[in-house]
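Reviewing the structure listed below.
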Amino acid sequence: MSSWIDLSANELLSQLEAGQVTSQEVVTAFLDRIHQVDPKVHAFLNLFAEEALQKASVVDERRKNGEKVGLLGGLPVAVKDVLCMKIGATTAGSKMLERFHSPYNATVIEKLEQADGIILGKTNMDEFAMGSSTENSAYNGTANPWDLERVPGGSSGGAAACVASQMAPLSLGTDTGGSIRQPAAFCGITGVKPTYGRVSRFGMIAFASSLDQIGPMTNSVEDAALLLEVIAGHDPSDATSLDRPVPNYREALKEPLKSFKLGLPKEIADFNPDPEIQKAVEAALEVYRETGATIEEISLPNLKYAVPTYYVIAPSEASSNLARYDSVHYGYRTDRKAMMAGLEEGDSPLVQMYSQSRAEGFGPEVKRRIMLGTFALSKGYYDAYYLKALKVRRLIRQDFDRAFEQVDAIIGPCTPKPAFKIGEKVSDPISMYLEDLFTVGANLSGNAAMSIPCGFTSENLPIGLQLQVPALEEERLFRIGHLYQQVTDWHQRRPSLG
Amino acid sequence: MNATVTDAAYTTIIGLEVHTQLLTKSKLFCGCANRFGEEPNTLTCPVCIGMPGVMPVMNREAFRLAVRTGLALQGKIASFCKWDRKNYYYPDLPKGYQISQFDLPFCEGGHLEVEVEEGQAPSKVRLHRIHLEEDAGKSMHDESMGGRDSLVDLNRTGVPLLEIVTEPDIRSPEEAKAFLTELKLLLVYLGVSDCNMQEGSLRVDANVNLHLPGESGETIATPIVEIKNMNSFRAVERALHHEVVRQWEEWQATGKKKGEVPKQTRGWNDEAGETFAQREKEESSDYRYFPEPDLVPVTMTAEQIATAEAEVGELPQALRTRLQSEYELSAYDADVLVNQGKALVRYYLEVADACGDAKLVSNWLQQDIMRTLKERNITIEELPVSAPMLTELLKKVQSNELPRARARDVFAQMVETEASLEETMDAMGIKQVDAGALRELCQSLVDANPRIVEDVKGGKQQAVGALIGQAKKKDPNVNPGEVRKICLELIQAMGEDS
Ligand SMILES: [Zn+2]
């Protein structure tokens, strides 16, 4: 049954604009698909079926009357549950916020609404975006649509899985150390981490503020360009958002790239990527060579410090960002009676309420990172950990700056290994942290990066190709990615979910 | 108790930490109104409540007022300053951290000249630094443990707060009070704060210890004690007095030096007139300061600093000097006027410039006007007699059109009826101002010549001629007939009185 869900977002948009289909029909098709497939995948935490159909009918009505319709023109969008929305709960995958209803919409949500995007629901994620498998969600994990026994990656696992399994044509994720790109690679879709400050973070529940970015997760580069165009731009509510005009990214795709240089970091080999992944990346390099690109070896000498640097800075900021979940003003609070009964001589009920609520409301990985960060910022350790990490971060940024003097983009595998089995790494946090090996550099440097599908392993697991460009060069990033997708069809492959 | 102190061979060392709320329309990092006295938790929004996902945006006006204060206190304004998070848990701190400035405050150094005793050379109290931060909310506790709930009001959360820290330059409780009085005057002159201690817009903590000469000429320091909860300048002075005596006695009893005991925080009980040990903090506080990643650093160009400088205006000390040099007022008179505040000085200058008799105007302000303000509990702006109205009145006094005593009656009447000078004089039957002066002259002659008065009373009406002659000598322009008539009336009136 070929249906609307088989089309890309841009194809659907053309059909909508041509009157071949209504937004209500499109939304219904995706909702049907969700009901059919999501019991297996569990990508969604919450659905807004009624609201979505209602909004779709309004957009259809406007289009019928010849009124102006926004850029997304009635296309469905899935939203990672880390973005605050006035409807439904916003949980960030945590028990702490199980019943938290945001009184306001995140800026990107407002932008989606204004562009006439139809929000289908909220997608599953690792608790507070901490994780690389979505197993840290307090609401059960999400399965990889290509192999239901494997993880979809994380933390934006639900966001990636819902696009891969055709439950939504467009999806918003967030990326702090690779949380968009790694699940995109694992699920065989396109995932973009924009330049730091390109998209407003206002209303995104913070994990590590100096690294977090919201970005599109889609079936193609063209679709990502459409979604980024909608969500990018300066926001007076986010002091770190960049006050720069938003280019017409889709228009940029039409301009072909003439000759360009891609840099392959020689350090990647030091980390022994899976041979099948290496082979797929080499094949991708060959595709680029054939289109006229030159490939150069470059060096990112401090890449080996990227993960340790990241795992000092991100938990430090997180330990402070998550301090607000203290059970005083909102969020999970421990049972008062039981707590008071358990008080011992000299215990402060206030301190007990704090520690017990947080002990019960947060999962183990979140607690681990809060402790890591608290330690790194403590008196006597600050210089050796946090301050040192900031210095190394500067060096890593310099590595990238130097590389970009030499090449137009950096190319390489997105992850060292393909999707792993559910439960495989749960008890081994370090190996889980190493999932971020190739992706954290873009977060530490603030540059833009993207993962696009470039092949499959012998076990039919998707392989992601990562492209990285300097800050605010998303147009270049999209052109290079789009060029590849014009001559390959990896991005059009779909898992068979029955 | 004081007997041991009078001959004490020690120096009192005092440093102050003053927190003052800035008079901005809105809070430091959100758009909520900055107002005192509203219903609890009505001046709040997701940002100042610390909801998930919110981000701070700096209030430029608050920074402008802060810089103006720094410049007025002769501090060095940083060309680059940043924000830091001060992490600690408290129910009135909803984010779990306070946005403050740690190692790079916007202002360093500076000083304030303070006159401790009249006629003595002013002392210079150096400032260590000034920084800007957000205020916390207000907690009301049930201290009985386990009884009622504690209550939190977040209206104050996020109100811009300046922290002004002095060097330990203050040598007596009196000097501390004088410093605070002068600082408050300056802040009010600058229009940056209303410095209302009752409403908490000015708060003072004092650090105090004693320096004693050791046996071999070295200086011995007693442990530093921080005193909190003093709610008036008088309380600060009294608390310091008490603490100095207490520390002296403790030194004599224990011989404990600074560094040998942990820094103590003591509260002030105003009714009992003593300081008391406050519950020791659980551990020595580690606020885990780190740069606030949600805000960008603040830069100040030389031009911006120059602009701020122009907004400082004339400060109390400069005004005192000018009133003495340009208006030839005594130091005492200048001090009285300046200490009344900027508006009264402005009023004074306007009238004095128009009348040309600075001393006359000063006397009027210090007598009739200040008394009226006090009696009616109004400000100079609320006084019905405006500066031009007083000018008009005093000009009549200067030209002898209105005797001084009569002018005071007129003034009182003008305050009462809020009418103009002309209306008031009409109402009081003072039709011809000349007549008033003439009547005053006649009265003085009658008063000065009791013998002639007796003669007239005795029937010798012609004796009045002598008075006419004297009047002519004093003012050649008097109308002899008028003088005769008035003098006879006056003498007759005296007759009736007796
Ligand atoms: Zn607010």
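If you go through the stretch A:207-224 one residue at a time, how many are within 14 Å of another protein chain (Cβ to nearest Cβ) and of a type in the set (Val, Ile, Thr)?
The total comes to 1.
Restricting the first member to the stretch A:320-342 and to residues that are free of Cβ contacts under 8 Å to residues at least 12 places away in the same chain and within 9 Å of chain B (Cβ to nearest Cβ), and the second to residues that are part of a helix (DSSP H, G or I) and surrounded by fewer than 19 Cβ atoms within 10 Å (Cβ to Cβ), the beta-carbon pairs closer than 7 Å and six or more apart or on different chains are A:MET340/A:PRO349. One residue stands out in the stretch B:222-270 among those that are aliphatic (A, V, I, L, M) and surrounded by fewer than 18 Cβ atoms within 10 Å (Cβ to Cβ): the one that is nearest to the chain's Cα centre (by Cα), namely B:VAL245.
Filter the stretch A:65-77 for residues that are in contact with a strand residue (DSSP E or B) (Cβ under 7 Å, 6 or more places away or on another chain) and either assigned to a loop (DSSP other than H, G, I, E, B) or closer than 17 Å to A:GLU110 by Cβ (or both) and give the result.
A:GLY74, A:LEU75, A:VAL77
For the stretch A:177-203, the set of residues classified as assigned to a loop (DSSP other than H, G, I, E, B), out of contact with any Cys (no Cβ under 8 Å at 6 or more places or on another chain) and within 14 Å of chain B (Cβ to nearest Cβ) consists of A:TYR196, A:GLY197, A:SER200, A:ARG201, A:PHE202, listed by residue number. Among the helices (runs of 4 or more DSSP H) confined to the stretch B:418-467, the ones with at least 1 residues that are closer than 30 Å to B:ARG376 by Cβ are located at B:421-427, B:433-448.
Taken together, A:GLU282, A:GLU297, A:GLU267 contain a single residue that is assigned to a strand (DSSP E or B), farther than 19 Å from A:HIS482 by Cβ and more than 24 Å from the chain's Cα centre (by Cα), which is A:GLU297. Of the set (1) over 22 Å from A:PHE128 (Cα atoms); (2) aromatic (Phe, Trp, Tyr); (3) part of a loop (DSSP other than H, G, I, E, B), all apply to A:TYR332 but (1). Among the criteria (1) under 27 Å from A:ALA206 (Cα atoms); (2) within 14 Å of chain A (Cβ to nearest Cβ); (3) of a type outside the set (Gly, Ala, Ser), the one B:PRO105 does not fulfil is (2). Scanning the stretch B:92-99 turns up at least one residue that is small (Gly, Ala, Ser) and under 30 Å from A:ALA341 (Cα atoms). Within the stretch A:104-128, being in a helix (DSSP H, G or I), within 14 Å of chain B (Cβ to nearest Cβ) and of a type in the set (S, T, N, Q) holds for one residue alone: A:THR107.
Taking the conditions (1) under 26 Å from A:PHE202 (Cα atoms); (2) in contact with a strand residue (DSSP E or B) (Cβ under 8 Å, 6 or more places away or on another chain); (3) within 15 Å of the ligand (Cβ to nearest atom) in turn, B:PRO91 satisfies each one other than (3). Every listed requirement among (1) touching a Ser or Thr at 6+ places or on another chain (Cβ under 7 Å); (2) surrounded by fewer than 21 Cβ atoms within 10 Å (Cβ to Cβ) is met by A:ILE370 save one, (2).
Per-residue answers, yes or no, for (1) touching a residue at least 40 places away in the same chain (Cβ under 8 Å); (2) within 25 Å of B:PHE290 (Cα to Cα); (3) in contact with a strand residue (DSSP E or B) (Cβ under 7 Å, 6 or more places away or on another chain):
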| site | (1), (2), (3) |
| --- | --- |
| A:ASP274 | yes, no, no |
| A:ALA280 | yes, no, yes |
| A:VAL287 | yes, no, no |
| A:GLU297 | no, no, yes |
| A:TYR305 | yes, yes, no |
| A:ILE313 | yes, yes, no |
| A:GLU317 | yes, yes, no |
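Against the conditions (1) closer than 24 Å to A:PHE420 by Cα; (2) more than 14 Å from chain B (Cβ to nearest Cβ), where does A:THR174 fall short? Just the number, please. For A:THR174, the failing item is (2). In summary, B:GLY158 fulfils each of the numbered conditions (1) away from the ligand (no atom under 16 Å from the Cβ); (2) within 14 Å of chain A (Cβ to nearest Cβ); (3) touching a Cys at 6+ places or on another chain (Cβ under 8 Å) with the single exception of condition (1).
Could you say whether any residue in the stretch B:139-153 is in contact with a Leu (Cβ under 9 Å, 6 or more places away or on another chain), modelled with pLDDT of 95 or more and more than 16 Å from the ligand (Cβ to nearest atom)? For the stretch B:139-153, residues in contact with a Leu (Cβ under 9 Å, 6 or more places away or on another chain), modelled with pLDDT of 95 or more and more than 16 Å from the ligand (Cβ to nearest atom): absent. Considering A:VAL351, A:VAL440, A:VAL392, the condition of being out of contact with any helix residue (DSSP H, G or I) (no Cβ under 8 Å at 6 or more places or on another chain) and either outside the structural domain of A:ALA323 (by TED's automatic domain parsing) or surrounded by fewer than 15 Cβ atoms within 10 Å (Cβ to Cβ) (or both) is satisfied by A:VAL351 alone.
Count, please, the residues in the stretch B:36-62 that happen to be more than 12 Å from the ligand (Cβ to nearest atom), buried (at least 17 other Cβ atoms within 10 Å of the Cβ) and more than 10 Å from chain A (Cβ to nearest Cβ). Within the stretch B:36-62, residues that are more than 12 Å from the ligand (Cβ to nearest atom), buried (at least 17 other Cβ atoms within 10 Å of the Cβ) and more than 10 Å from chain A (Cβ to nearest Cβ) number 1.
Of the listed requirements (1) in contact with a strand residue (DSSP E or B) (Cβ under 6 Å, 6 or more places away or on another chain); (2) under 22 Å from A:ALA318 (Cβ atoms), B:MET51 misses just one: (1). Just to be sure before I move on: is A:GLY93 at pLDDT 95 or above, small (Gly, Ala, Ser) and either more than 17 Å from A:ILE214 (Cα to Cα) or outside the structural domain of A:LEU13 (by TED's automatic domain parsing) (or both) in the structure I sent? So A:GLY93 fails the test.
The values are calculated or read from the model by the stated rules, or taken from the named source; none is laboratory data. Just so we're clear, the structure is a prediction, and the values are computed from it rather than from any experiment. Reconstructed Cβ throughout: ideal geometry from the backbone, glycine too, with neighbour counts over all protein chains shown.
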